[in-house]
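Below is one structure, written out as structure tokens; the observations come after it.
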Amino acid sequence: MAAEKVLGFAEARRCVEDHAAKLATPVAESATLLAAAGRYLGEDIAADRDLPPFPRATRDGYAVRSADVRPGASLKLLGQIKAGEVWKGDAIAGGQCVEIMTGAPVPEGADAVIMVEYTQENGGSVKFERGAAAGENVVAAGSEGRRGQVVLKRGTCLGPAQIGIAATVGKSRVAVYRKPRVAILSTGDEVIEVESAPEVQQIRNSNSYSLAAQVMEAGGDPVILPIAPDEKVRLRSLVQEGLESDLLLLSGGVSMGKYDLVEQVLEEFGAEFYFTGARIQPGRPIVFGRARKGKRTYFFGLPGNPVSTLVTFDLFAAHMVAALSGGSRPLRFATAKLAKPVKTKPGLTRFLPAVLAATEVELIPWQGSGDIAATARANCYLVVPEDRPELAAGETVQVLLPR
């Protein structure tokens, strides 16, 4: 068996990040814009024209020369400009104005837009109730980006806003990094398929499905393998199959029990173990390493309890999946006021299911790392530092947010 190497949370996280940083850049492929959603960009994308390409009105009102407008002033109304139209008249001169709609190009000569709420139209003229500053309610041409300027950098995760800007600059297809294949292997004689009727001592294979959902969210393509029994020959065959993927996630079989065979089998593939535990709760028995035979695939051995599986994936494995996808996965922390006191034993950094409402966080009552039902009601994890046996009500605490 591998020599035990248990790290603190920060050191274990840094170990994963260091290995992720050494990965080769993935292969890029072309994808339609919508198919690229949630994936990591494999190219820089530049603006094909100034953004906006014209001075854009941000309010319905009247385009004016700011020097002409003061309370009580009246200007001659020349016409109207709607979004999608261009003013075809002469440049706006002193004493003139044009009615303009939100999104329309501000005509030459005008340098401000006064909102319609501050005006009174009377026949061919408009009376103004207030003055205007130059640039008011106008977005200058090129102020959001210049032609040729990179608006999305390689490695950016393409969310809704990024998809929107890619469409804005005319990209119907983009280069994205290939999704890594992430094998998921649940282990244990007590684990049965989801559709099966369990006997009293059995549990359904929830971990493979929660992990698959997490893998997809992190940018990977999950491959759910058959459940591995607590039997070395079959387990070895399935581990070998899993190591043909870009990353292997094993759930269960990594604690100190008599039939926990995972580490023994991994050693047959020349496994190098970077750590065999982390001082965290839930998830202390997590294993991280790499097979030195075949594809030299990285692997995580995640504890079998459902909450431990969820937490350890978020803390460690998600970043490796994102790196294999061409991106990164920094943890998202925030601070909040603790609603009720919390007492724990020192020595472990704890990530406990909690509910964050506005600026206050409260623990959800739970029955330990097997209580997936409580975790499903949570929207964050309360972080308890390993040197803190007690957190007081009203104290500012750290919470780990979901992606």
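Is there a residue in region 120-140 that is under 27 Å from Gly170 (Cα atoms), more than 38 Å from the chain's Cα centre (by Cα), of a type outside the set (Lys, Arg) and crowded, with 16+ Cβ neighbours inside 10 Å? Don't jump to the end; show me each part of the working.
Going through region 120-140, the residues under 27 Å from Gly170 (Cα atoms) turn out to be 137-140.
Retained after the next criterion (residues that are more than 38 Å from the chain's Cα centre (by Cα)): none.
Among the residues of region 120-140, not one is under 27 Å from Gly170 (Cα atoms), more than 38 Å from the chain's Cα centre (by Cα), of a type outside the set (Lys, Arg) and crowded, with 16+ Cβ neighbours inside 10 Å, which makes the answer no.
Residues that are under 30 Å from Gln240 (Cα atoms), out of contact with any Ser or Thr (no Cβ under 9 Å at 6 or more places or on another chain) and in the same structural domain as Ser206 (by TED's automatic domain parsing): list the strands (runs of 3 or more DSSP E) wholly contained in region 292-403 that include at least 1 such residues. Full working, then the answer.
Details: elements: 298-302, 332-338, 349-357, 360-363, 380-384, 396-401.
By residue number, 298-302.
Report whether or not Gly253 is surrounded by 22 or more Cβ atoms within 10 Å (Cβ to Cβ), at positive phi and over 28 Å from the mean Cα position of the chain (by Cα).
On the way: surrounded by 22 or more Cβ atoms within 10 Å (Cβ to Cβ): yes; at positive phi: yes; over 28 Å from the mean Cα position of the chain (by Cα): yes.
Here the answer is yes, as Gly253 does meet what is asked.
Those residues that are of a type outside the set (D, E, K, R), assigned to a strand (DSSP E or B) and farther than 30 Å from Gly327 by Cα, I need them from region 120-166; list them, please. Please lay out each step first, then the result.
Within region 120-166, the first condition is being of a type outside the set (D, E, K, R), and the residues that meet it are 120, 122-126, 128, 131-135, 137-143, 145, 148-152, 155-166.
Okay, now just the ones that are also assigned to a strand (DSSP E or B), so 120, 122, 125-126, 128, 138-139, 145, 150-152, 157.
Result: Gln120, Asn122, Ser125, Val126, Phe128, Val138, Val139.
Residue by residue through region 365-397, note down the ones that are crowded, with 17+ Cβ neighbours inside 10 Å and closer than 14 Å to Lys337 by Cα.
Matches in region 365-397: Cys380, Tyr381, Leu382, Val383, Val384, Leu391, Val397.
Cβ-Cβ distance below 8 Å, separation of 6 or more or different chains: which pairs start in region 1-26 with a residue that is under 13 Å from Ala322 (Cα atoms) and end on one that is of a type outside the set (Phe, Trp, Tyr) and surrounded by fewer than 17 Cβ atoms within 10 Å (Cβ to Cβ)?
Going by the 8 Å Cβ cut-off, the qualifying pairs are Ala20/Ser328.
For every residue, the table says whether it meets (1) without any contact (Cβ under 8 Å) to a residue 60 or more places away in the chain; (2) surrounded by 15 or more Cβ atoms within 10 Å (Cβ to Cβ); (3) in contact with a Lys or Arg (Cβ under 8 Å, 6 or more places away or on another chain).
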site: Glu263; (1), (2), (3): no, yes, no
site: Glu268; (1), (2), (3): yes, no, yes
site: Ile280; (1), (2), (3): no, yes, yes
site: Gly304; (1), (2), (3): no, yes, no
site: Ala323; (1), (2), (3): no, yes, yes
site: Leu338; (1), (2), (3): yes, yes, no
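Restricting to region 185-215, name every residue that is assigned to a helix (DSSP H, G or I) and buried (at least 18 other Cβ atoms within 10 Å of the Cβ). First the steps, then the outcome.
Looking only at region 185-215, we keep the residues that are assigned to a helix (DSSP H, G or I), and these are 206-215.
Result: Asn207, Ser208, Ser210, Leu211, Ala212, Gln214, Val215.
Do we have any residue at all in region 167-184 that's exposed (fewer than 15 other Cβ atoms within 10 Å of the Cβ), in the same structural domain as Val262 (by TED's automatic domain parsing), within 30 Å of Gly304 (Cβ to Cβ) and more than 16 Å from the chain's Cα centre (by Cα)? Please lay out each step first, then the result.
Here is the first cut: in region 167-184, the ones exposed (fewer than 15 other Cβ atoms within 10 Å of the Cβ) are 167, 170, 172-173.
With the extra rule that they be in the same structural domain as Val262 (by TED's automatic domain parsing), the set shrinks to none.
No, there is no match, as no residue in region 167-184 is exposed (fewer than 15 other Cβ atoms within 10 Å of the Cβ), in the same structural domain as Val262 (by TED's automatic domain parsing), within 30 Å of Gly304 (Cβ to Cβ) and more than 16 Å from the chain's Cα centre (by Cα).
The values are calculated or read from the model by the stated rules, or taken from the named source; none is laboratory data. None of these values were measured; they are calculated from a predicted model. Cβ coordinates were reconstructed from backbone atoms using ideal geometry, including for glycine residues, and neighbour counts include every protein chain displayed.
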